[in-house]
Amino acid sequence: MQDRVKILIIGHGVLGGAVLDFLSQSGRPYDLHVGAKDVQRTSLRANLARHTALNLGHHPTIEVMPIDLMNIEATAERLAALRPDIIFNATTLHSWWVITQLPPDAYQQIDRARGGVWTPMHLVLVRRLMRAVREAGLESAVVNASYPDVTNAALAAEGLSPTIGIGNVANAVPGIRLAAAHLLDCELKAIDVRFFTQHYVSYRMPRTGSTDGAPYYLAIYREGQRIRPEEMSHDVIFANVAGRFRRVGGLKGESVTASSATAVLRSLADRVDRVVHAPGPLGLVGGYPVRVAPTGISIDLPEDLSLDDAVEINRRCQQYDGIEAVDSDGTVRFTAESAEIMRELLAYDCEAMALDECEDRAEELAAKYAEYRRRFQ
């Protein structure tokens, strides 16, 4: 009989809580553990997952444990004692939706800097987690939700890259499949896609119906047969994603990200051969279709696309997200335009950030953002 898979979810916020719900309701024999600083609040959230699952006829095993990622030594001790098969990091110092709570004018101004400028705040906790995993001597698969398009690649320089990320590229795939099935007048299950792109396209395209010139690669299949671009324009597909198949966005749409995370976690836990879309696999920048198999993960490449070309597409695309480059030593370089916007709006001056600087930069950025926010209260 196969051993039960231990999954540790670190963080119980909007994303971590939703993933806990999905896993609790999966009917799979997982041993679920939730770690966070506030055990009392975490226990309440775990009980909510238990109650909901029981209503649906499931009987999940959920345990709560204290974890403070800022304390690497204590985290390593707890990880070594638990020895989880899979760790899901659902923590960050700056959730993506925080700036959306600003008044519209303030949000539109700062959104021009794009998502990459917040990288310091996304790096701190996952970097400390990965250092604890190494200190504990674990070989657990680590699934990272904290801007994995960039953070996973930066951490690779220290040998600390998580196994894979979630969300972003994956969030755009359901809309593309729905649009393609509609345009081809076929059953949805007949449609499969292979989509390569960085966070920027997966965020913008479903909202605007356009990539705004950012590069991507998209292959669409019906019953395993490749659909040629001349048979179905990508522009028409994207217009349908943002039109007929437009979905609820923002925090109310977070279930799409949570379901993409659950798909990755279940693929790893169930030890089956399955293709998912995910950012940051194998320490690469951007997003890819990833084959998850019992022997490990690999990039699922179409015949006409090399891995080097796929990585280059993502490298060029990340510049639209405010990231000029992620250097081989882990230094994250921001585009001149994004850096200038942050100087102008927040008096925050950062054109490049070495990994060892991420905590000081995160503290500075948090303080400067708090000042910016107060102007509009």
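May I ask for the Rg/Rh ratio of the range 36-115, computed from Cα atoms with Rh as the Kirkwood radius, given to two decimals?
Rg divided by Rh gives 1.12.
Quick check on the range 1-140: what are the equivalent-ellipsoid semi-axes from the Cα gyration tensor, as sqrt(5λ), descending, whole Å?
29, 21, 12
If you filter the range 192-274 for GluC sites (Glu not before Pro), then keep DSSP loop positions with at most 11 other Cβ within 10 Å, what is left?
Glu223, Glu230, Glu231
Taking 8 Å as the Cα distance limit and 6 or more residues as the minimum spacing, I'd like the relative contact order of the range 300-377 as a percentage.
19 percent.
How much of His58 can a 1.4 Å solvent probe reach, expressed as accessible area in Å² and rounded to 10?
Its heavy atoms expose roughly 50 Å² to the probe.
Which distance in Å, rounded to a whole number, links the C-alpha centroids of the range 126-159 and the range 47-113?
15 Å
Please work out the ratio of the alpha-carbon Rg of the range 1-45 to 2.2 N^0.38 Å and round it to two decimals.
1.19
Would you please name the trypsin sites (Lys or Arg not before Pro) within the range 266-310 that are DSSP coil residues with at most 14 other C-beta atoms within 10 Å of their C-beta?
Here the trypsin sites (Lys or Arg not before Pro) that fit, given the DSSP loop and packing criteria, are Arg271.
Tell me the carbon and sulfur percent of the accessible area for the chain, rounded to whole percent, probe radius 1.4 Å.
Reported share for carbon and sulfur atoms: 47 percent.
Over the Cα atoms of the chain, Rg to Rh with Kirkwood Rh, two decimal places?
0.95
Going by Cα centres, the range 176-244 and the range 336-377 are how many Å apart?
Each part's Cα centre sits 35 Å from the other's.
Say each of Gln40 and Arg271 gets a label point 7 Å from the Cα, pointing the same way as Cα to Cβ; how far apart are those two points in nm?
Result for the modelled spin labels: 4.1 nm.
With θ set to phi - 60°, apply the Karplus curve 6.51 cos²θ - 1.76 cosθ + 1.60 along the range 297-308 and write out the HN-Hα couplings as whole Hz, x wherever there is a Gly or Pro.
10, 8, 7, 8, 9, x, 4, 9, 10, 8, 5, 4
Skipping prolines and chain starts, which residues have an amide H placed within reach, meaning under 5 Å, of the one on Met65, given they are 5 or more residues away or on another chain?
Sorted by chain and number, the residues that satisfy this are Val34, Gly35, Ala36.
Given the whole protein assembly as supplied and a 1.4 Å probe, what does the accessible area of Glu371 come to in Å², nearest 10?
90 Å²
For the chain, calculate the relative contact order in percent as a whole number, restricting contacts to Cα pairs under 8 Å that are 6 or more residues apart.
About 17 percent, as a whole number.
Modelled label-to-label distance, Ala74 and Asp329, 7 Å Cα→beta-carbon offset: nm?
Rounded to a tenth, the inter-label distance reads 3.4 nm.
Taking only DSSP H segments of four or more residues, each worth -39500 (n - 2.57), what value at 222 nm results for the chain once the sum is divided by all its residues, to the nearest 500 deg cm²/dmol?
Numbers: 13 runs with 166 residues, N = 377.
That calculation yields -14000 deg cm²/dmol at 222 nm.
Where only protein heavy atoms count, and the probe is 1.4 Å, what is the accessible area per residue for the range 228-337 in Å²? Please report the intermediate quantities before stating the final value.
Numbers: 5230 Å² over 110 residues.
That works out to 48 Å² for each residue.
With unit charges on the beta carbons (Lys and Arg positive, Asp and Glu negative) and the dipole taken about the Cα centre of the chain, which residue among Ser255, Tyr320, His59 sits farthest to the positive side?
The residue sitting most towards the positive pole is His59.
Give me the distance in nm between label points sitting 7 Å out from Cα along the Cα-to-Cβ direction at Arg316 and Val248, one decimal.
3.8 nm
Could you work out the relative contact order of the range 214-301, using alpha carbon pairs under 8 angstrom and six or more residues apart, expressed as a whole percent?
Rounded, it is 15 percent for the range 214-301.
Need one value: the accessible area of Ser259 in square angstrom, 1.4 angstrom probe, rounded to the nearest 10.
50 Å²
Is there a quick way to get the dipole size of the chain? I mean about its Cα centre, with the Cβ of Lys and Arg at +1 and of Asp and Glu at -1; what is the value in debye to the nearest 20?
Its charge dipole is roughly 1360 debye.
Please return the longest range in the chain lying between exposed loop sites, taking chymotrypsin sites (Phe, Trp or Tyr not before Pro), DSSP loop only, at most 16 other beta-carbon atoms within 10 Å, and leaving the sites out.
Details: sites that count: Trp97, Phe376.
The longest uninterrupted stretch comes out as 98-375.
Through the Karplus equation 6.51 cos²θ - 1.76 cosθ + 1.60, θ set to phi - 60°, convert the phi angles of the range 356-366 into ³J(HN,Hα) values in whole Hz; use x for Gly and Pro.
Once θ is set to phi - 60°, the couplings for the range 356-366 become 5, 8, 4, 6, 5, 5, 5, 5, 5, 5, 4 Hz.
Starting from the Cα coordinates of the range 93-250, work out the convex hull volume and express it per residue in Å³.
Cα-based convex hull of the range 93-250, divided per residue, equals 140 Å³.
Could you order Cys317, Cys186 by accessible surface area, starting with the largest, using a probe radius of 1.4 Å?
Sorted descending by solvent-accessible area, the residues read Cys186, Cys317.
Taking the Cα centre of the range 244-371 as origin, work out the dipole magnitude from +1 charges on Lys and Arg Cβ and -1 charges on Asp and Glu Cβ, in debye rounded to 20.
1080 debye
The values are calculated or read from the model by the stated rules, or taken from the named source; none is laboratory data. Bear in mind that the values here come from a model prediction, so they are computed numbers and not experimental data. With ideal geometry, Cβ positions are generated from the backbone for all residues, glycine too; neighbour counts draw on all protein chains shown. Protein only, heavy atoms only, side chains kept; ligands, DNA and RNA dropped before computing areas. Shrake-Rupley method; radii C 1.70, N 1.55, O 1.52, S 1.80 Å.
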